[in-house]
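In what follows, a single structure is set out as structure tokens and then discussed.
The values are calculated or read from the model by the stated rules, or taken from the named source; none is laboratory data. Just so it is clear, the model here is predicted, and its values are computed rather than measured. We place every Cβ from the backbone using ideal geometry, glycine too, and count neighbours over all the protein chains shown.
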Amino acid sequence: MVHILRCKDLGFNDDFIVIDNDPKKAKERMKEHVLTEHKEEFESLSDFHQEEIISKMDFLLTRGCGCGVLKL
């Protein structure tokens, strides 16, 4: 199963996409991207909104509707 995370789905305005077979690796790569490329914007958010973004990564990696998880 291929797992896909798009930065735009998390509310950031860029075209970065993570594609990986391992959902944990996909999440770590996206977190690394957010904390590198969107550090100021992310850190300016409240703790609640930061947690919301992290939780959204988990949601996107587990839904089976085809927009986050693809079965190949």
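Points worth noting:
- Among the criteria (1) modelled with pLDDT under 95; (2) touching a Phe, Trp or Tyr at 6+ places or on another chain (Cβ under 6 Å), the one VAL34 does not fulfil is (1).
- In the range 12-26 there is no residue matching the filter, namely being buried (at least 17 other Cβ atoms within 10 Å of the Cβ), of a type in the set (D, E, K, R), modelled with pLDDT of 95 or more and in contact with a His (Cβ under 9 Å, 6 or more places away or on another chain).
- Scope the range 31-54; condition within 14 Å of PHE16 (Cβ to Cβ), of a type in the set (Asp, Glu) and under 14 Å from the mean Cα position of the chain (by Cα); matching residues: GLU32, GLU37
- Condition check for PHE12: in contact (Cβ under 8 Å) with a residue 12 or more places away in the chain and out of contact with any Cys (no Cβ under 9 Å at 6 or more places or on another chain): yes
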